[in-house]
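The values are calculated or read from the model by the stated rules, or taken from the named source; none is laboratory data. These numbers were taken from a predicted model, which means no experiment stands behind them. In this analysis, Cβ positions are derived from the backbone assuming ideal geometry, glycine residues included, and neighbour counts consider all displayed protein chains.
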Amino acid sequence: MNYTLTLFFAELAVALAVFGYALKRRVGHLMMGRPEKRLAGTGRRIAGFIVLVLGQKKLFKEKFGIVHFIIFWGFIIISLGTLQFVGEGLSEGFKIPLLGVNPYFYMVKDIFSVLVLAAVSAAAFRRFVIRPERLGVNLESAVILAMIAGLIITELAAGGLALAAKPDPVREMAPVYRLIASAVSPVGGINPALGQKVLWWAHVTLLLGFLAYIPYSKHMHMLAAPVNVFLKNLKPRGGQINPVDLEDEEAGEFGAGRIEAFTRKQLLDLYSCAQCGRCQDNCPAYLSGKSLSPKKLLQKMKDHLVERGDALADARRNGSGGIPDTEMIGQVVSEDEIWACTTCYSCQEQCPVMNEHVNKIVDMRRSLVLDRGDLPAEARLACRNIEKNYNPWGIGWYSRGDWAVESGAPLAGVDRPAADYLYWVGCAGSFDDRSKNIARSMVKIMKEAGVSFSVLGSEEKCCGDSARRLGNEYLFQTLAAENVELLNELGVTRIVTHCPHCFNTLKNEYPAFGGNFEVVHHTELLTGLIAQGRLKFRSDLESLRVAYHDSCYLGRYNGQYDAPRKILRSVPGVTVVEARRSREKSFCCGAGGGRMWMEEQGGRRINGMRVEQLMESGPGVVGVNCPFCLTMLEDGIKAMELETPVPALDVAEIVARSVEYTVVEIPEEEAGGEMVS
């Protein structure tokens, strides 16, 4: 009887049973969620898998990413050696074709083993000695790192002893094997063959223990994350909020007030989270001292999923009650956490496993608003103002086009079709006195460049961005339907807007409601006009240092970072200086996600933190591309009480101040509603 085989397969059966039981439970938890189609676009999914999983692209956004890359690929290569190592322990002379007889494979495996040991040591030093806040110190991490180190050490030591017991020219190419063999050979009293057998069993036991432990620990992400990346959302970032069928009478609830109301992909996020804390390190709510931590949010939701999932499974199995009545919103996740989010997307930008935090928060807000009628007072007022006057300020809708009349902007309407471009001004540009100057600047610039454009005036309504992100999906869908109907009736095909929130909504969210338009941000239009030579700059401009602020909804949501910088660098005398946090890592102004209309509670003010970052470079002007950012940053600058005030200006305002104008305006009634030069 072969006792080695018998004992090995007994250990293997136990490990697989423990692993399989845990995995079945986890899959059962995921199946509690709503189904969601995420299999279309296989080619793009495979490409994303190669780049994000095999290439570990997102991890290289920080220096320590190389450590994880080494552990990841080292573990894969070492695992191939483990197959050979285990096989030859079960059957003498066992060889994996190509690998087991290749001396260079042993050499590469040894090198990677040393690299992984070094990487594991670095990871342990960082976590347990340096102790960055985002990682924390926990037993699970220590166990996993110890297991990985133990697997490598036992395999290397066993291989060295095997070489000492029986010379093998193939194994002699492995530098660590050779080093251990040479150290053991001269020492008397050591039986290399026996030592190798003991270490083989130690390695196998550790290996199977590692397999059994994975689905019970946070390292479940090793199994879940690759699947999560493959199933990532392929829609444009700005259009990834889950749709809601408000006419579905069988829906039961329109948001996510229970863990089961999330989709299966949303629940998979919870098991994919590696608790690396990159989201937390880049969350403006957390960094400003608010109650929200994206990392802890997912952890708490996962613990709740496990508790509720196991309880429901036991109830079904036993036919009894005992299901915990823990409320997800209120007891697991506080309302303060839910409302603290600015939907800036920074958490998702940094997450290496493509978790989707923002959707979950919006879905929980929907539950509060649509299912419970629970909305913070300021947000409730903003929504009521939008319902009555189609703008969050509550100013009479009929005055929406007053600025346009004063500026001579041509109006589009039922009896006057839209021009080449419809200029979507947005609520801020129409009603906020400071932001009106952005609209006036754009009108001046487009007239000078000979752009055929018109505005809707009082027929324009709020795009619904804030309403949707505040959870008031009914109000958003009402606005979207009415706006799309009007735009289609007027035959609008191209839209330009200076507000990134309007831009994102019109471009990425309105197509779901029949609004398929070519939408450009004003920085895109200005870049083209300058490149075509349709705008000439004055020659008497003074030098100006501009600290440029990337807004979340133009930058992270829509990937537009270069156009505004090209514009500013085209203006004579302008020097663009970058903030410590810029481009993909830009820090939110604090106004997104409907926070523009809500008072900031607890911790520091986000806009103040952002202004401090921008002021570090000693600018003469803060450059922005968003009316919300303009308001927030101006308030932050005022709060700093600088000796020499630093103005905040939209890119269009900087261009409008710098252009050499040549246009002679013809009265509107003579020009048929268009301005010509």
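It is to be established whether one or more residues within the range 514-536 are within 29 Å of the chain's Cα centre (by Cα), small (Gly, Ala, Ser) and not in a loop (DSSP other than H, G, I, E, B).
No, every residue in the range 514-536 fails to be within 29 Å of the chain's Cα centre (by Cα), small (Gly, Ala, Ser) and not in a loop (DSSP other than H, G, I, E, B).
Can we say Gly608 is farther than 20 Å from Leu568 by Cα, within 24 Å of the chain's Cα centre (by Cα) and part of a helix (DSSP H, G or I)?
When the stated conditions are applied, Gly608 passes them.
Which residue pairs have Cβ atoms closer than 9 Å, lie 6 or more positions apart in sequence or on different chains, and pair a first residue in the range 529-558 that is free of Cβ contacts under 8 Å to residues at least 60 places away in the same chain with a second residue that is assigned to a strand (DSSP E or B) and of a type in the set (S, T, N, Q)?
If the second residue must be assigned to a strand (DSSP E or B) and of a type in the set (S, T, N, Q), the pairs left are Ser543/Thr575.
What's the number of the condition Ser430 fails, among (1) surrounded by fewer than 24 Cβ atoms within 10 Å (Cβ to Cβ); (2) in a helix (DSSP H, G or I); (3) among the small types (Gly, Ala, Ser)?
(1)
Residue by residue through the range 447-482, note down the ones that are free of Cβ contacts under 8 Å to residues at least 40 places away in the same chain and either in contact with a Ser or Thr (Cβ under 9 Å, 6 or more places away or on another chain) or among the aromatic types (Phe, Trp, Tyr) (or both).
Phe476, Ala480
From Ala40, Ala47, Ala17, Ala22, grab the single residue that is over 30 Å from Gly255 (Cβ atoms), surrounded by fewer than 13 Cβ atoms within 10 Å (Cβ to Cβ) and over 19 Å from the mean Cα position of the chain (by Cα).
Criteria check complete, one pass: Ala17.
Out of the range 509-528, which residues are surrounded by fewer than 18 Cβ atoms within 10 Å (Cβ to Cβ), among the small types (Gly, Ala, Ser) and in contact (Cβ under 8 Å) with a residue 24 or more places away in the chain?
Ala512, Gly514
Among the charged types (D, E, K, R), more than 18 Å from Leu649 (Cβ to Cβ) and not assigned by TED's automatic domain parsing to the domain that holds Asn391: which single residue out of Arg569, Arg565, Arg595 fits that description?
After ruling out the rest, the residue left standing is Arg595.
For Ala379, which of the numbered conditions (1) under 25 Å from Ala481 (Cα atoms); (2) part of a loop (DSSP other than H, G, I, E, B) fails to hold?
(2) is the only condition that Ala379 fails.
Among the listed residues Met364, Met354, Met328, identify the single one that is within 26 Å of the chain's Cα centre (by Cα), surrounded by 21 or more Cβ atoms within 10 Å (Cβ to Cβ), among the hydrophobic types (A, V, I, L, M, F, W, C) and at pLDDT below 95.
Met328
Within the range 452-491, can you find the residues that are assigned to a loop (DSSP other than H, G, I, E, B), buried (at least 21 other Cβ atoms within 10 Å of the Cβ) and hydrophobic (A, V, I, L, M, F, W, C)?
Leu456, Cys462, Cys463, Leu470
Give the range 440-451 a look and list any residue that's part of a helix (DSSP H, G or I) and either surrounded by fewer than 23 Cβ atoms within 10 Å (Cβ to Cβ) or hydrophobic (A, V, I, L, M, F, W, C) (or both), or say none.
Arg440, Met442, Val443, Lys444, Ile445, Met446, Lys447, Glu448, Ala449 - these are the residues of the range 440-451 that are part of a helix (DSSP H, G or I) and either surrounded by fewer than 23 Cβ atoms within 10 Å (Cβ to Cβ) or hydrophobic (A, V, I, L, M, F, W, C) (or both).
Go through Trp393, Trp424 for me and flag whichever is outside the structural domain of Gly257 (by TED's automatic domain parsing), among the aromatic types (Phe, Trp, Tyr) and free of Cβ contacts under 8 Å to residues at least 60 places away in the same chain.
Step by step, each of Trp393, Trp424 is checked, and only Trp393 is outside the structural domain of Gly257 (by TED's automatic domain parsing), among the aromatic types (Phe, Trp, Tyr) and free of Cβ contacts under 8 Å to residues at least 60 places away in the same chain.
Here are Val120, Val86, Val108, Val143: which of them is surrounded by 14 or more Cβ atoms within 10 Å (Cβ to Cβ), β-branched (Val, Ile, Thr) and under 22 Å from Ser182 (Cβ atoms)?
Criteria check complete, one pass: Val108.
Does Ile50 meet the test of being in the same structural domain as Leu115 (by TED's automatic domain parsing), out of contact with any Phe, Trp or Tyr (no Cβ under 9 Å at 6 or more places or on another chain), on the phi < 0 side of the Ramachandran plot and of a type in the set (A, V, I, L, M)?
It is true that Ile50 is in the same structural domain as Leu115 (by TED's automatic domain parsing), out of contact with any Phe, Trp or Tyr (no Cβ under 9 Å at 6 or more places or on another chain), on the phi < 0 side of the Ramachandran plot and of a type in the set (A, V, I, L, M).
Among what's in the range 413-438 and is within 20 Å of Val655 (Cα to Cα) and among the charged types (D, E, K, R), pick the residue that is modelled with the lowest pLDDT.
Asp433
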